[in-house]
Structure formats: structure tokens, C-alpha cells
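Reviewing the structure listed below.
The values are calculated or read from the model by the stated rules, or taken from the named source; none is laboratory data. Please read all numbers here as calculations on a predicted model, not as lab measurements. Ideal geometry is used to build each Cβ from the backbone, glycine not excepted, and the neighbour counts take in all protein chains shown.
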């Protein structure tokens with residue numbers, strides 16, 4: 001069972017220093033340290049665990065998702081560190097895989113809330129985590145890909161596909177939140 005998973009391609013990110021080094025020497029806890037994000041772990045009832053290599057050569061595993069940033073400049077609209085609401089759920093199984101599709105890679109999206117209402121937040125798709133071999137993944141009404149979305153403020157959101165609206169200028173016309181029927185049965189030809 002792949003509890004630890006490779007990213008489809010490694011990504012250059014930043015880690016908030018307070019998550020990876022002691023700050024009792026007076027160094028700033030909110031400093032952003034360059035890192036390479038190369039993998040993640042899924043553990044039931046925990047957030048995604050990010051595996052990184054820091055610029056100083058240290059390897060750190062199981063960083064909480066909210067310890068990462070995709071750019072090094074803090075934004076005025078960045079939510080406070082205590083706000084980890086960028087994730088809808090914790091992991092719900094030990095077994096998952098990552099999917100990254102060329103068509104969706106870096107596509108602009110609008111993020112909806114849990115009630116499927118517009119939030120005004122937009123971002124870019126990076127890749128999705130798909131939990132498999134668990135009760136949620138096997139139930140059609142519950143199975144969702146959970147997408148890693150890079151938000152303009154530098155943080156990431158981990159969002160199920162039913163809370164995203166995709167913006168492809170060559171195809172989509174987004175005008176409000178469409179009503180979509182949830183898949184509620186398993187289809188088979190036999």
C-alpha cells in the first residue's frame with residue numbers, strides 16, 4: 001500500500017522556517033526557505049504530509065500542507081497561519097495515488113466552498129491525490145479527486161473536484177455555479 005507517494009514531477013517551493021528549524025536563536029519563524037517538494041504521505045485523519053529537501057541538504061518528511069508556499073513573497077491577503085481551512089478534509093485512507101493530466105496542469109480554477117458557493121478565490125491546478133482501496137473511494141457518491149491548487153497568496157488549497165470551476169478560454173464559459181448531478185452508482189458492462 002503506497003502510504004508514501006512520488007509527485008509526478010518535483011516542484012520548487014518554500015517552507016515556512018518555523019516548521020523545520022528551532023527559532024530560539026532569534027531567527028524569524030516566518031522566513032521562507034527554498035525547498036524541493038518531491039513526495040507526500042497520506043495517513044487517515046491527518047492532512048497531507050509533504051516530503052521536501054531543503055536548500056541546506058536536510059530532508060524533512062510529513063510537513064503539514066500549510067507549511068508550504070509556492071512563492072517566496074508574503075502576500076497581504078495571505079490568511080493567518082492558524083487558518084488551515086484551505087483543506088476540506090484530512091486524508092481518508094492509507095492508500096492513494098497522484099494524477100497529473102497535461103490538459104489540467106496549471107489550469108486556472110475558481111474555488112468553491114463546501115456548500116458549492118463561490119468564494120472569490122482563484123488559483124492554478126498542480127495535481128490531484130486520489131484515495132483508493134477505502135470505503136470513501138469505493139462509494140460513487142463519496143469518491144473525489146482532491147486537487148492541489150496554488151493560490152495567488154502563495155499558499156496551497158487541497159480541494160475536491162466538485163468544489164472547482166475550471167477556466168479554459170478555448171472551451172469553458174463560467175457564469176455562476178452549475179448544478180451537477182453527483183455520481184451515485186457503479187457502472188459496469190456485465
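Among the residues of region 8-39, write down those that are in a strand (DSSP E or B) and over 21 Å from residue 72 (Cα atoms). Give the steps one after another, and end with the answer.
Taking region 8-39 and keeping what is in a strand (DSSP E or B), we get 8-16, 32-39.
Once the filter is applied, which keeps residues that are in a strand (DSSP E or B) and over 21 Å from residue 72 (Cα atoms), region 8-39 yields only 8.
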- Counting only residues that are in contact with a helix residue (DSSP H, G or I) (Cβ under 7 Å, 6 or more places away or on another chain) and closer than 16 Å to residue 71 by Cβ, which one in region 1-31 is surrounded by the fewest Cβ atoms within 10 Å (Cβ to Cβ)? 30
- Query: Name the pairs: first residue in region 153-174 and on the phi > 0 side of the Ramachandran plot and outside any loop (DSSP other than H, G, I, E, B), second residue buried (at least 17 other Cβ atoms within 10 Å of the Cβ) and at pLDDT 85 or above, Cβ to Cβ under 6 Å, at least 6 apart or on different chains?
  - Reply: none
